[in-house]
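Presented below is the structure to which this report refers.
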Amino acid sequence: MSETVPKPDELVQIDYRPPVRDWMHTPVQFRRGTFCYAAAPKNLKYLEMPNPRDWQPMDEDWKLPENWREIILEGMRERLEKFRSFRLFMDICVRCGACADKCHFYIGSGDPKNMPVLRAELLRSVYRRYFTLAGRLAPKLAGARDLTVDVLKEWFYYFYQCTECRRCSVFCPYGIDTAEVTMLARELLNLVGCNINWAIEPVANCFRTGNHLGVQPHGFKDSIEFAVDELEDLTGVRVEVPIMKKGAEVLFIMPSADYFASPHYYTLLGYLLLFHHVGLDYTVSAYASEGGNFGLFTSHEMIKRLNDKMYREARRLKVKYLIGGECGHMWRVIHQYMDTMNGPADFLEVPVSPVTGTRFEHAASTKMIHICEFTADLIRHGKLKLDPSRNDHWKVTFHDSCNPARAMGLLEEPRYILRNVARHFYEMPENTIREQTFCCGSGSGLGTDENLEMRLRGGLPRANAVKYVRDRFGVNLLTCICAIDKATLPPLLDYWVPGVEVAGVHELVGNALVMEGEKPRTTDLRGQPLASIQPPEVTHA
Amino acid sequence: MPIFEVNGRQYEVDEDGFLQDPSIWNEEVAKDFATTEGVTELTDKHWKVIHYLRNYYLQFGIAPMIRKLCKETGFKLNEIYELFPSGPAKGACKLAGLPKPTGCV
């Protein structure tokens, strides 16, 4: 934890009084701990993106192209024509304020420009000035303003202080998708080379080696083999994980952090046990070795290209359909963009579980199902042999990862799984879960250390809800289904709610699965001793 | 590009103080960077972790899985944190001259 971060009792003193001057005349301050570093030129060059250069947001001179204003305005004009939603979202907001206190960054910072309505107004004011008659004729009356370097800096600061989680959109009476406003603002910023490294380097790596981390094929194989060996040590069962096996029924794609970081890795162990348990004919790929789509934080073009990569591999391997792992943002792309962006995956088959025969009609176009859908269906049909007492050392709650919850409505399946693989499950308060879930505070490429103070502020509402179940029920495990969550919730909880660990849903599935031919299990997948032989009473709340 | 100056030597580093050119690494570099990570003395335990990371990096072009690092060096994750207060990715990798991993980590 960085030394520059204030202590929790200091950080929680949030000042909700607005600045004295009106928002247009309150310039942005790049305070350390509250913004992300600029994209490294090598990554922009690799992606052939504009204006690669050495610069940082705290620099006075951002080394913009001479005609940067024309580039941005032309970019806006083009996108206003291309995306009817963009013009609609610019025009219809009545500033009712329903969204204002729904943003985790506003709750945690008290900065009015983190109210979704005002964040969008940063862009709307420029839209009005150049693209509406009233704004052109009477800018002051119309709430319009000129596009200046200071405005551009303000965009950068606040549009990289939005995690595109869409909690505010749930409350908007007009259904304005504020994440799309952020996405378009970032896309415009990208036109003049104002982007953050934590989003751009993973994108560049994804094209270079197949995944965010830059793991090459031999490294991918090495990590998978390590997991197979360790599973054998833990369970006595040797699983087979085919890599790039042509003609397999299913291509399974997980976030690369699952075969790199902790606690993600234990989720990987869970997947592998599950597939072995039901004898799934599947393959993983070193090329499509990333579920995450950081194009979502960059541009529509990048979303499309990264999504295409997974399907290209599915076609090459001649699989029937895809199963996706515990990944967050990719599910927004799959469920809401892919169909019109890349087109339906007509060359694949509608997913049918080979174990239960369930036909997943909702994925008839994308041909990709979420692993939680696959597993919940298996449990529903009694196809898994489970011993939930093996998770008795955990008192579990579930954090709805933003995109699976709000972008694909995956609300019941993870809970159904958890209630079957663990015996102590407790919900956080209802206005902090399901479609109203609070973001981890680090999504959309903001999960980097230089931004730690802002992440801790943004994660405060989530942490507060965890505190409630920790103090009331003794919860010691927060489960989730997103790799960014697994990376960023542990430091968040250490800071605000010590004593609560983080795990993937399939880690608990792996603990509970009774494998054929297994040795008596004395530990969970983390190597921790199991709670007891004599299981206590079942408690669900 | 920031420059890190120590013991009369200069290194090009990124904003987080990671060595820009991993190919110039040697043991002296590890000692120099230890000063930025609150590691006062590099013991055999430190070197075991550093050399493991370094060799893995030369073979695979990236750091190993955290779990693999723990298992192969025989140190638990909390022991790695005791050796390198910023942890395996930010502390140990920095001393071993590896680039910082990005993404959902």
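Which of (1) more than 25 Å from A:A376 (Cα to Cα); (2) more than 14 Å from chain B (Cβ to nearest Cβ); (3) crowded, with 24+ Cβ neighbours inside 10 Å; (4) not charged (D, E, K, R) does A:G443 not meet, given it meets every other one?
Single failed check for A:G443: (2).
For A:R455, state whether it is under 15 Å from the mean Cα position of the chain (by Cα) and within 14 Å of chain B (Cβ to nearest Cβ).
Yes.
Before we move on, is A:C194 assigned to a loop (DSSP other than H, G, I, E, B) and in contact (Cβ under 8 Å) with a residue 24 or more places away in the chain?
yes
Of all residues in the range A:161-216, which are acidic (D, E) and within 14 Å of chain B (Cβ to nearest Cβ)?
Of everything in the range A:161-216, just one residue is acidic (D, E) and within 14 Å of chain B (Cβ to nearest Cβ), namely A:E201.
For the range A:126-145, what are the residues that are buried (at least 18 other Cβ atoms within 10 Å of the Cβ) and either of a type in the set (G, A, S) or more than 24 Å from A:I71 (Cβ to Cβ) (or both)?
Of everything in the range A:126-145, those that are buried (at least 18 other Cβ atoms within 10 Å of the Cβ) and either of a type in the set (G, A, S) or more than 24 Å from A:I71 (Cβ to Cβ) (or both) turn out to be A:G135, A:A144.
Quick one: in the range A:89-105, which of the residues that are among the aliphatic types (A, V, I, L, M) and surrounded by fewer than 21 Cβ atoms within 10 Å (Cβ to Cβ) is nearest to A:M76 (Cα to Cα)?
A:I92
Can you name every residue in the range A:355-365 that is under 23 Å from the mean Cα position of the chain (by Cα) and without any contact (Cβ under 8 Å) to a residue 40 or more places away in the chain?
Hits for the range A:355-365 are A:H362, A:S365.
Residues are listed down the side, and each one gets a yes or a no for (1) over 27 Å from A:N293 (Cβ atoms); (2) of a type in the set (S, T, N, Q):
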site: A:G443; (1), (2): no, no
site: A:M454; (1), (2): no, no
site: A:T488; (1), (2): no, yes
site: A:V497; (1), (2): yes, no
site: A:D524; (1), (2): yes, no
site: A:P529; (1), (2): yes, no
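Checking the condition assigned to a helix (DSSP H, G or I), hydroxyl-bearing (S, T, Y) and either in contact with a Ser or Thr (Cβ under 6 Å, 6 or more places away or on another chain) or more than 21 Å from A:V12 (Cα to Cα) (or both), which residue from A:Y158, A:Y106, A:Y130 passes?
Answer to the check: A:Y130.
For every residue, the table says whether it meets (1) assigned to a helix (DSSP H, G or I); (2) over 17 Å from the mean Cα position of the chain (by Cα); (3) surrounded by fewer than 16 Cβ atoms within 10 Å (Cβ to Cβ).
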{"site": "A:E301", "(1), (2), (3)": "yes, yes, yes"}
{"site": "A:Y311", "(1), (2), (3)": "yes, yes, no"}
{"site": "A:L322", "(1), (2), (3)": "no, yes, no"}
{"site": "A:C327", "(1), (2), (3)": "no, no, no"}
{"site": "A:D339", "(1), (2), (3)": "yes, yes, yes"}
{"site": "A:G343", "(1), (2), (3)": "no, yes, yes"}
{"site": "A:E349", "(1), (2), (3)": "no, yes, yes"}
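Assuming B:F4 fulfils every condition listed in (1) under 26 Å from A:Y37 (Cβ atoms); (2) out of contact with any strand residue (DSSP E or B) (no Cβ under 6 Å at 6 or more places or on another chain) apart from one, which condition is it?
For B:F4, the exception is condition (2).
Scan the range B:88-105 for residues that are within 12 Å of another protein chain (Cβ to nearest Cβ), part of a loop (DSSP other than H, G, I, E, B) and within 14 Å of the chain's Cα centre (by Cα) and report the count.
Here the count works out to 4.
Given the criterion over 30 Å from A:F35 (Cα atoms) and assigned to a helix (DSSP H, G or I), identify the matching residue among A:L410, A:L378.
Residue meeting the stated conditions: A:L378.
Report every pair of residues separated by at least 6 positions or lying on different chains whose Cβ atoms are under 9 Å apart, first residue within the range A:463-477 and assigned by TED's automatic domain parsing to the domain that holds A:D392 and modelled with pLDDT of 95 or more, second part of a loop (DSSP other than H, G, I, E, B) and of a type in the set (D, E).
Matching pairs, first to second residue: A:V469/A:E427.
Of the residues A:P8, A:P41, A:P50, which is modelled with pLDDT of 95 or more and within 14 Å of another protein chain (Cβ to nearest Cβ)?
A:P41
Give just the number: which of (1) more than 10 Å from the chain's Cα centre (by Cα); (2) without any contact (Cβ under 8 Å) to a residue 40 or more places away in the chain; (3) within 28 Å of A:A39 (Cα to Cα) does B:E27 not satisfy?
With respect to (1) more than 10 Å from the chain's Cα centre (by Cα); (2) without any contact (Cβ under 8 Å) to a residue 40 or more places away in the chain; (3) within 28 Å of A:A39 (Cα to Cα), B:E27 is out only on (3).
Looking only at the range A:217-231, decide whether some residue is out of contact with any Ser or Thr (no Cβ under 8 Å at 6 or more places or on another chain) and either away from every other protein chain (no Cβ under 14 Å) or in a loop (DSSP other than H, G, I, E, B) (or both).
Scanning the range A:217-231, I find no residue that is out of contact with any Ser or Thr (no Cβ under 8 Å at 6 or more places or on another chain) and either away from every other protein chain (no Cβ under 14 Å) or in a loop (DSSP other than H, G, I, E, B) (or both), so the answer is no.
Can you confirm whether A:T298 is more than 14 Å from chain B (Cβ to nearest Cβ) and of a type in the set (S, T, N, Q)?
When the stated conditions are applied, A:T298 does not pass them.
Would you confirm, using the coordinates I've provided, whether A:A39 is of a type in the set (A, V, I, L, M), outside the structural domain of A:G441 (by TED's automatic domain parsing) and more than 27 Å from A:I176 (Cβ to Cβ)?
yes
Regarding the range A:102-122, can at least one residue be identified that is over 26 Å from A:E453 (Cβ atoms), in contact (Cβ under 8 Å) with a residue 40 or more places away in the chain and not aromatic (F, W, Y)?
Within the range A:102-122, not a single residue is over 26 Å from A:E453 (Cβ atoms), in contact (Cβ under 8 Å) with a residue 40 or more places away in the chain and not aromatic (F, W, Y).
Might you let me know whether the range A:337-354 holds any residue that is within 14 Å of chain B (Cβ to nearest Cβ) and either more than 18 Å from A:V203 (Cα to Cα) or touching a residue at least 12 places away in the same chain (Cβ under 8 Å) (or both)?
No; the residues of the range A:337-354 include none that is within 14 Å of chain B (Cβ to nearest Cβ) and either more than 18 Å from A:V203 (Cα to Cα) or touching a residue at least 12 places away in the same chain (Cβ under 8 Å) (or both).
Filter the range A:232-255 down to the residues that are closer than 29 Å to B:C93 by Cβ and out of contact with any Gly (no Cβ under 6 Å at 6 or more places or on another chain), then identify the one that is nearest to the other protein chains (Cβ to nearest Cβ).
Among those residues, the one meeting the criterion is A:D233.
Quick one: count up the residues across the range B:48-87 that are in a helix (DSSP H, G or I), within 13 Å of another protein chain (Cβ to nearest Cβ) and crowded, with 24+ Cβ neighbours inside 10 Å.
1
The values are calculated or read from the model by the stated rules, or taken from the named source; none is laboratory data. Because the structure is a prediction, the values reported are computed rather than measured. Note that each Cβ is placed from the backbone with ideal geometry, even for glycine, and that neighbours are counted across all protein chains shown.
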